[in-house]
1. Just grab the label-to-label distance for residue A:54 and residue A:25, each label 7 Å out from Cα along the Cβ direction, in nm (one decimal).
2. By accessible area of protein heavy atoms, probe 1.4 Å, what ranking do A:51, B:6, B:16 get, highest first?
3. Relative to the compact globular guide of 2.2 N^0.38 Å, what is the alpha carbon radius of gyration of the protein assembly as shown, as a ratio?
4. According to the Cα gyration tensor, what semi-axes, each the square root of 5 times an eigenvalue, does the equivalent ellipsoid of chain B have, listed from largest to smallest in whole Å?
5. Could you identify which residue out of A:74, A:48, A:96 has the top mean-square fluctuation in a GNM of chain A using Cα springs shorter than 10 Å?
6. If you count, for every residue in B:18-30, the Cβ atoms of partner chains within 10 Å of its Cβ, what is the mean?
7. Number of Lys-Lys pairs in chain A under 19 Å by Cα, sequence gap 8 or more or different chains?
8. Enter the mean number of other protein chain beta carbons within 10 Å of the beta carbon of each residue in A:37-45, as an integer.
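The values are calculated or read from the model by the stated rules, or taken from the named source; none is laboratory data. Not measured: the values here are computed from a predicted model. Methodologically, a virtual Cβ is constructed for each residue, glycine included, from the backbone with ideal geometry; neighbour enumeration extends over all protein chains shown. Keep in mind that these areas ignore ligands, DNA and RNA; they rest on the heavy atoms of the full protein, side chains included. Shrake-Rupley method; radii C 1.70, N 1.55, O 1.52, S 1.80 Å.
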Amino acid sequence: QSVLTQPPSVSAAPGQKVTISCSGSSSNIGNKYVSWYQQLPGTAPKLLIYENNKRPSGIPDRFSGSKSGTSATLGITGLQTGDEADYYCETWDSRLSAAVFGGGTRLTVL
Amino acid sequence: QVQLQESGPGLVKPSETLSLTCAVSGYSIRSGYYWGWIRRPPGKGLEWISIISHDVKTYFNPSLKSRVTTSVDTSKNQFSLRLSSVTAADTATYYCARHVGVYDHLDYWGPGILVTVSS
């Protein structure tokens, strides 16, 4: 049971937009930065979004992040088949004194 | 460019200790940041294990804390994980990564190493 709750799966057609939610609490998302990672099959996770809404160099602006209260959202526009992957939110939990990941969301581009 | 590479045995027997090392290149551990371990069991999601700083400040996943030891060797620019009393539930791909501060993101990851616990 993850401290952060994500939908197990989302799907959309190529070219469309999708959002992935991440729900937490006041001890984690409520007062800490949220990061998002993409894990393509057979590869290591890759940082997509950090500090709620910043993109590392090389990440296209099709990917965006936002945070409101104890929830965060990853948005992906202009979906491509190459975006099919598992997506994870992550933050620090001050009650646990540990980093925590969401359970992960599998994106299918139909 | 910062690169991380995990190494260690791919097969560990139940009740024994899993030992992994992460070699860092392109950045000196002595310069700062935290260095962490994350795993992904087959068919499951990512699980954060622990982080350690160059001056040996540590944080652990509470569910694993009693079995985890982590260390850093600044002379070799590497850090290590030991997980004791392993069971089949510890079978996973283990990743090492750089933690940008205690409360912040993981920006560089190793490719991962699959460790299977089996007799």
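1. 2.8 nm
2. Details: A:51 35, B:6 10, B:16 90 Å².
Descending order: B:16, A:51, B:6.
3. In units of the 2.2 N^0.38 Å rule of thumb, it is 0.99.
4. So the three semi-axes of chain B are 23, 14, 13 Å.
5. A:96
6. So the per-residue partner count for this stretch is 0.
7. Numbers: A:17/A:54; A:17/A:67; A:32/A:54; A:32/A:67; A:46/A:54; A:54/A:67.
Summing the qualifying lysine pairs gives 6.
8. Per residue, the number of nearby Cβ atoms from other chains is 4 on average.
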